[in-house]
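Below: the structure, in structure tokens.
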Amino acid sequence: MKPVDRPCWKRRWARMIGLATLVLVAGWFLSRERPPPPGPAPEVAKAPESERFSPAPPPAPAAPPPTVAVDAPKEAPVPPPVIDAVTVEKQEVCSGEDNLISVRAHSPDGNDTYLHSTIGTGTGMRVPLRVWLEPDGTYAQPVVTVFGKDNVSTTVPVPRYTVKSCEPERLVEVLSRRLPNADEDYEFLARIVEVPKRDAAPRTPFTSVKYVWTFDDQHTVTTTAPTASHTLSGAGSQPWAMYLQHLVRVDVFDAKGRKLTGRSSMQVLNTSFENFDKKGVVTLLARGTPRFPELGGDGVVRQTFRLYHQWKGLVRLERVTALRARVPEVGAPPLPEEAAEVSLGVDVIPEGQGVEVTVSLDTKAEPEVSVVTYALEGNTLDGHPARGTFSVMRPPPRPTKENSTPITDPVLMAKVKKARELLGQPFVTDEDLWQLEREGRFDDLKVQREVP
């Protein structure tokens, strides 16, 4: 009997089932060799550095040390001065009578060149001090203040002394001023002051006839007028310091020989020291003769100048420059100065009195030049720069009706007329009037002002 075949669809299903079974079995085997799914890596013990095959990474660079700001070293503060002694001239004075108070001090660091002081209301290291009694018989105790570098100071009271109830009838005040066109020339004025008193008997008038002036250098001047002039030079007469100390005395006499005395202390800033202290420059000074420029008959202004300084040792001049200032026409802009290097005929300025030079300005040859300024440049032997200037000027024109304003004040007109008579001059200046006024030469003028 012949076998019968299975249908075709059954055979295809059988093949597909067999293939699927084979795929499932193969996948199961492959899944057993697959690594575990991703997750945290297990810790693995590291081998010692000597057993590693790869070199160790280089160490990280060390962090730089922290930066610390370092301040520049500060200068030590200037110590205050030490007051060694304060002395009084008299242990007993009348109320209002002056008593000379002197102070002696030093700087702990040895730098005494800046020392200066005030005593009561006066300035200086020696001050003629006046105190007045109060109604209860007491007086306000003044103090002494001494200043050093940078104005650091120390203050102490003035030692007490006896002030009696008596009072002088008259006092002498000494006033001073620096003269124009001068650096060390001063004028002094003595003024007699009547002390007011109640229920006092009439006083005998005091009419001065002579004034005897005494200065620090013991130089004495006798005048019949209440004024005197003197050169208060600091070069060589006092230590090189920021302030120069002076004490001026005047004795006033009347016709009967009675005497009144006045004193004044002066504490003058030494600009030469200040320039060297602040700028390191030695100052060259100049003093002109005559003090005011005068126009000669030939139209030439001639002046002699003494060049000097306060430095120890000579100064060598290296350059002198003449600066000419020109007067522009009315309404025109200012003209620039003309500079030219010139020679004064001197190369060295010695210490002490210095050296004299003569300069001139020819107003006819240079009618537009108003002033010639000489700028001096040099050096000391030890290398410090030295600088200074002086000028020769064209004097103002003589007064005329066209260039002057008429005087309408009768008092001023009377003073001008008397000044012309006293001085024998056709013209007088404000300086002439001021001088005669201080000398009391106008005291007898009786002029009535017009009342409008």
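The values are calculated or read from the model by the stated rules, or taken from the named source; none is laboratory data. Everything numeric in this text was worked out from a predicted model, so none of it was measured. No Cβ is skipped: glycine too gets one built from the backbone with ideal geometry, and neighbour counts run over all protein chains shown. All accessible areas refer to the heavy atoms of the entire protein, side chains included, with ligands and DNA or RNA removed. Shrake-Rupley method; radii C 1.70, N 1.55, O 1.52, S 1.80 Å.
Could you tell me how many of the residues in region 278-292 are surrounded by fewer than 16 Cβ atoms within 10 Å (Cβ to Cβ), touching a strand residue (DSSP E or B) at 6+ places or on another chain (Cβ under 6 Å) and touching a residue at least 60 places away in the same chain (Cβ under 8 Å)? Give the steps one after another, and end with the answer.
Kept after step one, since they are surrounded by fewer than 16 Cβ atoms within 10 Å (Cβ to Cβ), are these residues of region 278-292: 278-281, 289-292.
Restricting the remaining residues to those that are touching a strand residue (DSSP E or B) at 6+ places or on another chain (Cβ under 6 Å) gives 281, 289.
With the extra rule that they be touching a residue at least 60 places away in the same chain (Cβ under 8 Å), the set shrinks to 281.
Residues in region 278-292 being surrounded by fewer than 16 Cβ atoms within 10 Å (Cβ to Cβ), touching a strand residue (DSSP E or B) at 6+ places or on another chain (Cβ under 6 Å) and touching a residue at least 60 places away in the same chain (Cβ under 8 Å): 1 in total.
Could you list, in sequence order, the residues of region 217-233 that are surrounded by 11 or more Cβ atoms within 10 Å (Cβ to Cβ), of a type outside the set (A, V, I, L, M, F, W, C) and modelled with pLDDT of 85 or more? Can you show your working first?
Let us first name the residues in region 217-233 that are surrounded by 11 or more Cβ atoms within 10 Å (Cβ to Cβ), namely 217, 220-223, 225-233.
Among the residues that remain, those that are also of a type outside the set (A, V, I, L, M, F, W, C) are: 217, 220, 222-223, 226-227, 229-231, 233.
Once the filter is applied, which keeps residues that are surrounded by 11 or more Cβ atoms within 10 Å (Cβ to Cβ), of a type outside the set (A, V, I, L, M, F, W, C) and modelled with pLDDT of 85 or more, region 217-233 yields 220, 222, 223, 226, 227, 229, 230, 231.
Can you pull out the residues in region 325-372 that are among the aliphatic types (A, V, I, L, M) and in a loop (DSSP other than H, G, I, E, B)? Break it down into steps so the answer makes sense when it comes.
Start the filter on region 325-372 by keeping residues that are among the aliphatic types (A, V, I, L, M), which leaves 325, 327, 330, 332, 335, 339-340, 342, 344, 346, 348-349, 355, 357, 359, 361, 365, 369, 371-372.
Hits for region 325-372 are 327, 330, 332, 335, 344, 346, 365.
Among the candidates 176, 208, single out the residue that is open to solvent by less than 40 Å² (accessible area, probe 1.4 Å) and either under 30 Å from residue 430 (Cβ atoms) or not aromatic (Phe, Trp, Tyr) (or both).
Details: 176 fails: open to solvent by less than 40 Å² (accessible area, probe 1.4 Å).
That would be 208, the only listed residue that is open to solvent by less than 40 Å² (accessible area, probe 1.4 Å) and either under 30 Å from residue 430 (Cβ atoms) or not aromatic (Phe, Trp, Tyr) (or both).
Test of understanding: among 105, 85, which residue is modelled with pLDDT of 95 or more, surrounded by 10 or more Cβ atoms within 10 Å (Cβ to Cβ) and aliphatic (A, V, I, L, M)?
On the way: 85 fails: surrounded by 10 or more Cβ atoms within 10 Å (Cβ to Cβ).
Result: 105 is the single residue among 105, 85 that is modelled with pLDDT of 95 or more, surrounded by 10 or more Cβ atoms within 10 Å (Cβ to Cβ) and aliphatic (A, V, I, L, M).
With respect to residue 354, is the statement that it is on the phi > 0 side of the Ramachandran plot, modelled with pLDDT of 85 or more and surrounded by 12 or more Cβ atoms within 10 Å (Cβ to Cβ) true?
On the way: on the phi > 0 side of the Ramachandran plot: yes; modelled with pLDDT of 85 or more: yes; surrounded by 12 or more Cβ atoms within 10 Å (Cβ to Cβ): yes.
Yes; evaluated as a whole, the condition is true for this residue.
Among the candidates 447, 359, 392, single out the residue that is surrounded by 12 or more Cβ atoms within 10 Å (Cβ to Cβ), in contact with a Lys or Arg (Cβ under 9 Å, 6 or more places away or on another chain) and modelled with pLDDT under 95.
Values: 359 fails: modelled with pLDDT under 95; 392 fails: modelled with pLDDT under 95.
Exactly one residue qualifies, and that residue is 447.
Tell me yes or no: at least one residue of region 424-431 is closer than 26 Å to residue 293 by Cβ, hydrophobic (A, V, I, L, M, F, W, C) and in contact (Cβ under 8 Å) with a residue 12 or more places away in the chain.
Initially, region 424-431 is screened for residues closer than 26 Å to residue 293 by Cβ, giving 424-431.
Now narrow it down to the ones that are hydrophobic (A, V, I, L, M, F, W, C): 427-428.
Next, only the ones that are in contact (Cβ under 8 Å) with a residue 12 or more places away in the chain stay: 427-428.
Yes, region 424-431 contains a residue that is closer than 26 Å to residue 293 by Cβ, hydrophobic (A, V, I, L, M, F, W, C) and in contact (Cβ under 8 Å) with a residue 12 or more places away in the chain.
Just give me the residues in region 125-173 being of a type in the set (A, V, I, L, M), open to solvent by less than 50 Å² (accessible area, probe 1.4 Å) and in a strand (DSSP E or B), in sequence order.
If we filter region 125-173 for residues that are of a type in the set (A, V, I, L, M), which is where we start, we get 125, 127, 129, 131, 133, 140, 143-144, 146, 152, 156, 158, 163, 171-172.
Now drop any that are not open to solvent by less than 50 Å² (accessible area, probe 1.4 Å), which leaves 125, 127, 129, 131, 133, 144, 146, 152, 156, 158, 163, 171-172.
Those that are of a type in the set (A, V, I, L, M), open to solvent by less than 50 Å² (accessible area, probe 1.4 Å) and in a strand (DSSP E or B): 127, 129, 144, 146, 156, 163, 171, 172.
Collect the residues in region 293-307 that are modelled with pLDDT under 95, buried (at least 18 other Cβ atoms within 10 Å of the Cβ) and part of a strand (DSSP E or B), keeping them in residue-number order.
Within region 293-307, no residue meets the criteria.
From 341, 318, which residue is out of contact with any Ser or Thr (no Cβ under 8 Å at 6 or more places or on another chain), on the phi < 0 side of the Ramachandran plot, of a type in the set (D, E, K, R) and surrounded by fewer than 13 Cβ atoms within 10 Å (Cβ to Cβ)?
Working: 341 fails: out of contact with any Ser or Thr (no Cβ under 8 Å at 6 or more places or on another chain).
The match here is 318.
With the structure loaded, tell me whether residue 93 is out of contact with any Ser or Thr (no Cβ under 7 Å at 6 or more places or on another chain), at pLDDT 95 or above, surrounded by 19 or more Cβ atoms within 10 Å (Cβ to Cβ) and not in a helix (DSSP H, G or I) or whether it fails that test.
yes
Considering only region 373-394, state which residues are at negative phi and either free of Cβ contacts under 8 Å to residues at least 12 places away in the same chain or part of a loop (DSSP other than H, G, I, E, B) (or both).
381, 382, 384, 394
Mind checking whether some residue in region 234-246 is at positive phi and modelled with pLDDT of 95 or more? Explain how you work it out, then say what you get.
Residues of region 234-246 at positive phi: 236.
From what is left, the residues that are modelled with pLDDT of 95 or more are none.
No, every residue in region 234-246 fails to be at positive phi and modelled with pLDDT of 95 or more.
Taking residue 265 and the conditions (1) surrounded by 13 or more Cβ atoms within 10 Å (Cβ to Cβ); (2) within 17 Å of residue 359 (Cα to Cα), which numbered condition does it fall short on, given that it satisfies the others?
The single condition residue 265 does not satisfy is (2).
Among the listed residues 406, 397, which satisfies the condition of being open to solvent by 90 Å² or more (accessible area, probe 1.4 Å), of a type outside the set (A, V, I, L, M) and closer than 30 Å to residue 324 by Cβ? Before you say what the answer is, go through the steps one by one.
Values: 406 fails: closer than 30 Å to residue 324 by Cβ.
Answer to the selection: 397.
Residues 295, 314: which one is touching a residue at least 24 places away in the same chain (Cβ under 8 Å), among the hydrophobic types (A, V, I, L, M, F, W, C) and within 20 Å of residue 391 (Cβ to Cβ)? Walk me through how you get there before you give the answer.
Working: 314 fails: within 20 Å of residue 391 (Cβ to Cβ).
Going through 295, 314 in turn, the sole match is 295.
Six or more apart or on different chains, Cβ under 8 Å: which pairs go from a residue in region 108-125 that's within 28 Å of residue 76 (Cα to Cα) and touching a residue at least 24 places away in the same chain (Cβ under 8 Å) to one that's outside any strand (DSSP E or B) and hydroxyl-bearing (Ser, Thr, Tyr)? Could you list them?
Every condition considered, the pairs that remain are 114/107; 115/107.
Taking the criterion of being under 60 Å from the mean Cα position of the chain (by Cα), within 30 Å of residue 170 (Cα to Cα) and either part of a loop (DSSP other than H, G, I, E, B) or at pLDDT 95 or above (or both), would at least one residue in region 40-63 satisfy it?
Residues of region 40-63 that are under 60 Å from the mean Cα position of the chain (by Cα), as a first pass: 61-63.
Add one more test, that the residue is within 30 Å of residue 170 (Cα to Cα), and what stays is none.
So far as region 40-63 goes, no, none of its residues is under 60 Å from the mean Cα position of the chain (by Cα), within 30 Å of residue 170 (Cα to Cα) and either part of a loop (DSSP other than H, G, I, E, B) or at pLDDT 95 or above (or both).
Going residue by residue through region 372-381, is there one that turns out to be surrounded by fewer than 13 Cβ atoms within 10 Å (Cβ to Cβ) and aliphatic (A, V, I, L, M)?
Taking region 372-381 as the starting set, the residues that turn out to be surrounded by fewer than 13 Cβ atoms within 10 Å (Cβ to Cβ) are 381.
Among the residues that remain, those that are also aliphatic (A, V, I, L, M) are: 381.
Yes.
Taking the residues in region 179-193 that are more than 26 Å from the chain's Cα centre (by Cα) and closer than 16 Å to residue 225 by Cβ as candidates, determine which candidate is surrounded by the most Cβ atoms within 10 Å (Cβ to Cβ). Show your work before the answer.
If we filter region 179-193 for residues that are more than 26 Å from the chain's Cα centre (by Cα), which is where we start, we get 189-193.
Keeping just the survivors that are closer than 16 Å to residue 225 by Cβ gives 189-192.
Details: 189: 16, 190: 25, 191: 14, 192: 15.
This residue is 190.
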